[in-house]
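The values are calculated or read from the model by the stated rules, or taken from the named source; none is laboratory data. None of these values were measured; they are calculated from a predicted model. Counting neighbours? That spans all protein chains shown, and the Cβs are built from the backbone with ideal geometry, glycine included. Just so you know, the surface numbers come from the protein's heavy atoms only, side chains and all, with ligands and any DNA or RNA stripped out. Shrake-Rupley method; radii C 1.70, N 1.55, O 1.52, S 1.80 Å.
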Amino acid sequence: MKTRTGLTRRDVLKLPAAAAALGVQPILAFGQQAEFSPLRDTPWPDSPNLEGRAFERVTFEMSPKPFRQMDATFVRNVCIDLFRQWAPLIRRVDAVAVMLWTADGSEILDYRGKMADEIEWARYIGIANKPEKAPGDDPQRIGPHAVPHLYMENPPKMTYSTLAMIVRTLKQVGHEMTGKPIFVGATFDPGPEFAISRFKYTRHPEIANDNTMGRGTFVTCVTRLHADNVAYAAFPEGITEGMSLGTFLGGQSQHFLADMGFDYLWLSNGFGFAVSAWAAKGPLFDGAKFDVEKAPALRDAIIGFWKDFRKQCPKFPLETRGTNLLLGSDLATNACPLQEIYDGDFNMTAPPNSPWAAIDGDFGLELVGYLSRIAELPANGRFPFRFYTHDPWWLNSPWFDRYGRDPHDIYLPLAVARVDHKAEITRPAYLEFLTVDNSYGRMPEQCANEVTPHILSAMDAFSDAPGALTWLCPFREYHEMVFGKDPQPSTAFFADWFLRSAVNSGLPLNTVVSTGNYLSSIKTNPHFFDETVLVSLLPLSGSAIESALLERLKRGLPILFYGPVDHASQTMLDLLGLKRIEGIDGQVELHTSLLLDENLHGETPKGFEHRSLLNGGPINTVAVDASTVCATVRKSEDERVYAVKKGDAAWIRGTFCSTIPEGARIPVPDDPVKSLSAESLARAVLANLGYSIMVTKPTAATRLPVLFAARCRNGYFFSGYSPSTTATIKLRFPLGVPLLVGKETWLEDGHSLYTMPRAWHNEARVFVDQRESGEVSCVEYLAGMVGFRRRMLVKGLKEATVTFLPEDKGRVVFQVNDMRVHIEESSIPVTRSDDGRKLVVRGITGSLFISW
């Protein structure tokens, strides 16, 4: 349809002059700010800025599939549509990147400096390089895991010249429409999925020496090439025998990135970090034993790749996918030298959260893996958050199908808090979307419209202080456990996998600080961690971190210790009331005074299997003082202490209750109907430190909720995922029972009971302590009067003590059974504590109206 000026709407979108002729603000200026906006620039009194920068940069990952025609006009129109769809989000970032999944990286390996050469690009649905053997469930090779399918009839051809034109157009249109810097990234993937690769699987199969997706399917970074006489862009005389892949890929990348106009390179699917990046087994662990004798050589080979690459390609930044697993596991099985990669001045960015949780629902693995990789960072101090919107290869769009349009994989990873060496929270610098196009090359606007508000909401409530629990991550100590003089690979393996399963069992572990950053932080701000429970592997005897933790306990601040006691000092053992003795393992029976989750149908198993190999050794402790014991385990006549609470310290031995069957990539949990999930006991022990989280569920097989309790503007923000919405969560914190804004709850036995949806994200500023049971609610209420910004209405109180956590130090008015909006003074006495960060009113029956 044409406008009164004779211009089409597409003209308006494309041309600044067209928009000016219409007398309207053109879309090209949405990233720029008008001189004055009354809605944006007139602040409410003492209001937090909820419309500032959300991220430094957003990255839109995409395949070339949307470019169904590859002429300049069609390419430009696709670019216009891309930037228009995501306009509200782009307003909240400083820069934009588009990361092109052109092929699988073979376009880099095969580049010969000739712009007219054709590219074998990612135009398939399913696996591009047909596997050697048909899948067992598809012997006729019909499905996408057995044979590639073109995404459209007669897809267009692409040359290197075409690719360079696409890169130029993305930058030009992006800058025109946003006014912001536009970067374009290239990708390198080690696997067989995305595009047919004659380089990897025909001419140089020697580099595909890992069996992740079948025999000889994944390229490893430590490999070397056989000679050939092909005239490559960086090596016109061909590859020499034994040339390292780092040298070859680095040289080719330097030419390819510069010639195409790319700004950075992304290393995908664990490439550069491990030789078996998807599996819990690897060169150092075959499932039966750990062999760390190979670790130094493998570490040096991985670091050698980075050094060789950087000699050839010294300046282009590298961004990375990382492995799918956990730092401790990657070290114990693959000698992944993350510390040395981060410290190596390789101009790289830390990996994001893994997208695998969308596929297998293992959010503990995603989140603990994320925390372990960002506990320390490379020199640029940045880490990304990545969200799985579409898959351009495997015919699924997680936002619509795997997540069912529920935002749990937004709110949970964006509830993560990373503490740096200055006692400050580090926000994710980059937001990355995998991908903006689906497997048919379509870019549904519905996705951008639905996802954007959740992401911005999560960032507006992003942590500014440690959450309920803070993991003291032994980032550098893990490396010593594998590469040091006294190797403990089984402990490194256990420590992260145990926490992964504990998070899957409801342990609210959202904050991480490395041991080194913790020691620096408490010098900068000694009170920064006062309102969080530290979660720590038992420290090494005589270490600086042990001294710091002992000092913390002297100050009366809580710590939840876990893990084997073999390297703990006598001072630590005495503090916990423990004594080492000969260990037991195998099938054990639990005896405990802890309050456990309730099953409505069927019994909770009392026994579980402790496998020494996967758990850093046997259970080898007895108690010096029986009054401190929370749990013991028995095997025949032998009994060992499993958990204790003494003063402000608690300890649980911990068991990772899983096996690693032949052919399985990751450990398989024991059957919860037959075996107690011992990882859930960490949450039960936590109740003795003031944070009680219990679950009532239909059966032992019902999966447990995952939940975090992050802190922002002095309040709590609870984020969660309920794999079964039949489960009921019972909550009590040291301040009382939390009232989630917008929810009703039943108060009983000092806990608030909630039955939550699949995904949830709720603020809590009101905590209640009352003896009588009853239904209580807390809802947002309209301001209704000048001078007030927010109000909350709490109903159903019965002789309650109410603690309120204000957003700032401004005026707060409390009214009992009175909802007049013009009242400006509290009608009841208010006790202020912690420099006004906690306000308490007592003896409240009926409703409480809180205004500020």
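Within region 198-216, can you find the residues that are farther than 14 Å from Gly105 by Cβ and aliphatic (A, V, I, L, M)? Can you show your working first?
We begin by selecting, within region 198-216, every residue farther than 14 Å from Gly105 by Cβ; these are 202-203, 205-206, 209-216.
Met213 - this is the single residue of region 198-216 that is farther than 14 Å from Gly105 by Cβ and aliphatic (A, V, I, L, M).
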Handout entry: Checking Arg653 against (1) within 25 Å of Leu731 (Cβ to Cβ); (2) buried (at least 19 other Cβ atoms within 10 Å of the Cβ), the condition it does not meet
Key = (1)
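Mind telling me which of the residues Val741, Val685 ends up being in contact with a Cys (Cβ under 7 Å, 6 or more places away or on another chain), surrounded by fewer than 20 Cβ atoms within 10 Å (Cβ to Cβ), modelled with pLDDT of 95 or more and within 30 Å of Thr426 (Cα to Cα)?
Working: Val685 fails: surrounded by fewer than 20 Cβ atoms within 10 Å (Cβ to Cβ).
Result of the check over Val741, Val685: Val741.
Taking into account only those residues within region 625-650 that are outside any strand (DSSP E or B) and among the hydroxyl-bearing types (Ser, Thr, Tyr), which is least open to solvent (accessible area, probe 1.4 Å)?
In this case the residue turns out to be Thr628.
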Practice task
Inspect region 165-179 for any residue being more than 30 Å from Gln85 (Cα to Cα), open to solvent by 20 Å² or more (accessible area, probe 1.4 Å) and either in contact with a Phe, Trp or Tyr (Cβ under 9 Å, 6 or more places away or on another chain) or in a helix (DSSP H, G or I) (or both) and give the result as yes or no.
Solution key: no
Completion exercise
Scanning region 255-313 residue by residue, the ones that are open to solvent by 10 Å² or more (accessible area, probe 1.4 Å) and either assigned to a helix (DSSP H, G or I) or in contact with a Lys or Arg (Cβ under 7 Å, 6 or more places away or on another chain) (or both) total 25
Practice task
Provide a single number: the residues in region 320-348 that are buried (at least 21 other Cβ atoms within 10 Å of the Cβ), of a type in the set (S, T, N, Q) and in contact with a Leu (Cβ under 9 Å, 6 or more places away or on another chain).
Solution key: 4
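Sort through Glu775, Glu807 and tell me the only one that's touching a Pro at 6+ places or on another chain (Cβ under 7 Å) and of a type in the set (Asp, Glu).
The unique qualifying residue is Glu807.
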Fill in the blank from the handout: Checked pairs for region 393-418, first within 12 Å of Ala458 (Cα to Cα), second of a type in the set (Val, Ile, Thr), C-beta under 6 Å and 6 or more apart or across chains, list as Ile410/Ile455
Exercise for the section: Please go through region 236-254 and pick out each residue that is open to solvent by less than 30 Å² (accessible area, probe 1.4 Å) and over 15 Å from Trp306 (Cβ atoms). Expected result: Gly238, Ile239, Gly242, Met243, Gln252
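Report, by residue number, each residue of region 822-840 that is at negative phi and among the charged types (D, E, K, R).
Taking region 822-840 and keeping what is at negative phi, we get 822-833, 837-840.
The answer is Glu824, Glu825, Arg832, Arg837, Lys838.
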Handout entry: Residue count, region 114-158 (criterion: under 22 Å from Phe256 (Cβ atoms) and of a type in the set (Ser, Thr, Tyr))
Key = 1
Problem - Given (1) surrounded by 22 or more Cβ atoms within 10 Å (Cβ to Cβ); (2) in contact with a strand residue (DSSP E or B) (Cβ under 7 Å, 6 or more places away or on another chain); (3) of a type outside the set (D, E, K, R), number of the condition Thr696 does not satisfy - result: (1)
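If you go through region 180-207 one residue at a time, how many are part of a helix (DSSP H, G or I) and either without any contact (Cβ under 8 Å) to a residue 60 or more places away in the chain or of a type outside the set (Ser, Thr, Tyr) (or both)?
If we filter region 180-207 for residues that are part of a helix (DSSP H, G or I), which is where we start, we get 198-203, 205-207.
Adding the requirement that they be either without any contact (Cβ under 8 Å) to a residue 60 or more places away in the chain or of a type outside the set (Ser, Thr, Tyr) (or both) leaves 198-200, 202-203, 205-207.
Of the residues in region 180-207, 8 are part of a helix (DSSP H, G or I) and either without any contact (Cβ under 8 Å) to a residue 60 or more places away in the chain or of a type outside the set (Ser, Thr, Tyr) (or both).
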Completion exercise
Of those in region 474-508 that are of a type in the set (Gly, Ala, Ser) and in a helix (DSSP H, G or I), the residue surrounded by the fewest Cβ atoms within 10 Å (Cβ to Cβ) is Ser490
Problem - Index of the failed condition, Asp597 passing every other in (1) out of contact with any Asp or Glu (no Cβ under 8 Å at 6 or more places or on another chain); (2) within 30 Å of Ala544 (Cβ to Cβ); (3) open to solvent by 10 Å² or more (accessible area, probe 1.4 Å) - result: (2)
Completion exercise
Residue pairs within 9 Å by beta carbon, gap of at least six or interchain, first lying in region 769-795 and small (Gly, Ala, Ser), second at pLDDT below 95 and open to solvent by 70 Å² or more (accessible area, probe 1.4 Å), listed first then second, are Ala783/Trp44; Gly787/Pro45
Practice task
Report yes if some residue within region 186-207 is open to solvent by 10 Å² or more (accessible area, probe 1.4 Å) and over 30 Å from Leu150 (Cα atoms); otherwise report no.
Solution key: no
Problem - Cβ-Cβ under 7 Å pairs, at least 6 apart or on other chains, region 499-516 side closer than 14 Å to Asp362 by Cβ, far side of a type in the set (Val, Ile, Thr) - result: Leu499/Val368; Arg500/Val368; Val503/Val368; Val503/Val706; Asn504/Val706
Completion exercise
The lone condition Ile425 fails out of (1) open to solvent by less than 10 Å² (accessible area, probe 1.4 Å); (2) under 16 Å from the mean Cα position of the chain (by Cα); (3) not basic (Lys, Arg) is (1)
Exercise for the section: Considering only residues that are assigned to a loop (DSSP other than H, G, I, E, B) and open to solvent by less than 10 Å² (accessible area, probe 1.4 Å), look in region 383-402 and name the one that is farthest from Gly361 (Cα to Cα). Expected result: Phe383
Exercise for the section: Output yes when any residue across region 121-139 is under 33 Å from the mean Cα position of the chain (by Cα), assigned to a strand (DSSP E or B), surrounded by fewer than 24 Cβ atoms within 10 Å (Cβ to Cβ) and of a type outside the set (Phe, Trp, Tyr), and no when none is. Expected result: yes
Exercise for the section: Looking only at region 668-676, decide whether some residue is in a strand (DSSP E or B) and not acidic (Asp, Glu). Expected result: yes
Practice task
Assess whether Asp749 counts as being among the acidic types (Asp, Glu), surrounded by 15 or more Cβ atoms within 10 Å (Cβ to Cβ) and modelled with pLDDT of 95 or more.
Solution key: no
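On the basis of being among the acidic types (Asp, Glu), out of contact with any strand residue (DSSP E or B) (no Cβ under 7 Å at 6 or more places or on another chain) and either open to solvent by less than 30 Å² (accessible area, probe 1.4 Å) or within 30 Å of Ile410 (Cβ to Cβ) (or both), does Asp835 make the cut? First the steps, then the outcome.
Numbers: among the acidic types (Asp, Glu): yes; out of contact with any strand residue (DSSP E or B) (no Cβ under 7 Å at 6 or more places or on another chain): yes; either open to solvent by less than 30 Å² (accessible area, probe 1.4 Å) or within 30 Å of Ile410 (Cβ to Cβ) (or both): no.
No, not satisfied.
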Exercise for the section: Considering (1) in contact with a Gly (Cβ under 8 Å, 6 or more places away or on another chain); (2) within 28 Å of Phe561 (Cβ to Cβ); (3) outside any strand (DSSP E or B), say which one Pro723 fails and leave the rest. Expected result: (2)
